[in-house]
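The structure appears right after this line, and notes come after that.
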Amino acid sequence: MKRVLEKLSAERLSQEKALAAKLADLGQRGELKELDEIQEKVKSLLTRLEEIESQKKGKKGIFPPRPASPENKIFFQLTTELLRTLSAGFERQNKLLQHLGHDLREVAELLSAVGEARDREWDALGSNHVGMIFKSLEWRLEQVASECQEAKILLERFHFLRAKLEELLLALQELPRPEIKPIREVVATLRDWRYASFENRFRGSEEDVRRQLEAYAALFPRGGKVIDLGCGRGEMVEILREKGIEAYGVDLNESMITHCREKGLPCETADLIEALSSRPDNSLEGIFSSQVIEHLPRPVLELMLDLCYLKLSASGVLVLETVNPASVFALVQVYYLDPSHERPIHPQTLKFLLNTAGFEEVEIRYGAALEAERLRPLPGTDDKTTVLNQNIDLLNDLLFAPVNYAAIAWKQKPARKT
């Protein structure tokens, strides 16, 4: 928007300069000076004719009875010159009026252009200010909604911790040596609440996350069992169950699991490795995990992929969504925002790990493009502009590649992908 405002301001200044130059040119025109000279000449001729007329000494008529006299010749010469001067003056005046009419039309057009340029600039300024106001209000509303959600979770955790502390106080009074486990449970609850609050503030609302995850639902067959590893607030479990898919979720964060259960979702607190290990082999039609694998150490990730292969049926599909480290924007604005991230995983690295785990086919699917953040190409088709635009395209691919990608792995090559 800053560039647009600068461009409109430059256009307005250019129109104002053109108008000022035209007005200055009008003030320096020589036509008016020529008319003044003609007027002075006419006055001089009239004065001389009046002098001759006064010398007729009372004779009647305009001309004396002797046309051939020297006085009459001078009189006729002056009269002729006067008429020619008047004719030249009228002709010059007509041309001046024509030029003046053309100049006035040009001035009117320049005034209109200046007015339009100012209107466009003011409209852009107004739109920019209004947009900033609405954006600020939208951000504030989102912040208030997030803080309300955090306050609700905090109040629930407060009541839970109060009960835990009361139990701990009773236990400390009865036991000669205090136990560490109840204290660890209280600390773990506090940690869970803090990360749940982080998710609510920075990942986005549940509606936004649902819209992002909706596209993956078509990959899972109806009637099959699907587990969501690291289900968080349960958005994907909710989407799948609405489509008639038997989905359930696991997560280590007690606060998030409590939120899922409040929505009536079949989610439980469990470690994802333990949850996978407890399932019979070939018993799942689908495994889903979003924004989880970047939290895992390398050995745990490899073990998880091996277990996913074992637990999926022959037609089963595994969907792993994570941050795209091939996007500088994603690394700076998303990945490093979360202090619990272990390491970013390149799409080709994840594809390699899935292939070596036994999956026969792996597809890398990227999320939505960052259109608003991308650098704009320059107008023009000359050689320099073409080279600059090619460099801009390369920068866009590096800086503003999609924030997320998903690795979609089939245990066996499907006959036809949906």
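The values are calculated or read from the model by the stated rules, or taken from the named source; none is laboratory data. Predicted, not measured: the structure shown is a model, and the values here were computed from it. Backbone-built Cβ (ideal geometry, glycine too); neighbour counts: all protein chains shown. These accessible areas exclude ligands, DNA and RNA; they are computed on the full protein's heavy atoms, side chains included. Shrake-Rupley method; radii C 1.70, N 1.55, O 1.52, S 1.80 Å.
A few remarks follow.
- Extension gain (nm, one decimal) between A369 and A415, 0.36 nm per residue minus Cα-Cα: 13.6 nm
- Residue-span extension gain [L86 to K384] - 0.36 nm each, minus C-alpha spacing: 101.0 nm
- Per-pair calculated FRET efficiency, R0 = 45 Å: S112 and K41 via Cβ, rounded to 0.05: 0.65
- Inter-probe distance in nm under a simple model that places probes 7 Å from Cα toward Cβ, at A314 and V300: 3.5
- With R₀ set to 51 Å, the beta-carbon distance separating R343 from V4 gives a calculated FRET efficiency near 0.80.
- Carbon plus sulfur fraction of accessible area for the stretch 282-334, probe 1.4 Å, in percent: 63
- Accessible-area rank, largest first, for D25, D36: D36, D25, with all protein chains present and a 1.4 angstrom probe.
- Pairwise centroid distance, computed over Cα atoms, of the stretch 264-324 with the stretch 228-257, Å: 13
- For the stretch 302-418, diffusion coefficient by Stokes-Einstein and Kirkwood Rh (Cα), 25 °C, 0.890 mPa s, µm²/s: 150
- Maximal additional length on extending the N355-A24 stretch stands at 111.4 nm, based on 0.36 nm per residue less the C-alpha distance.
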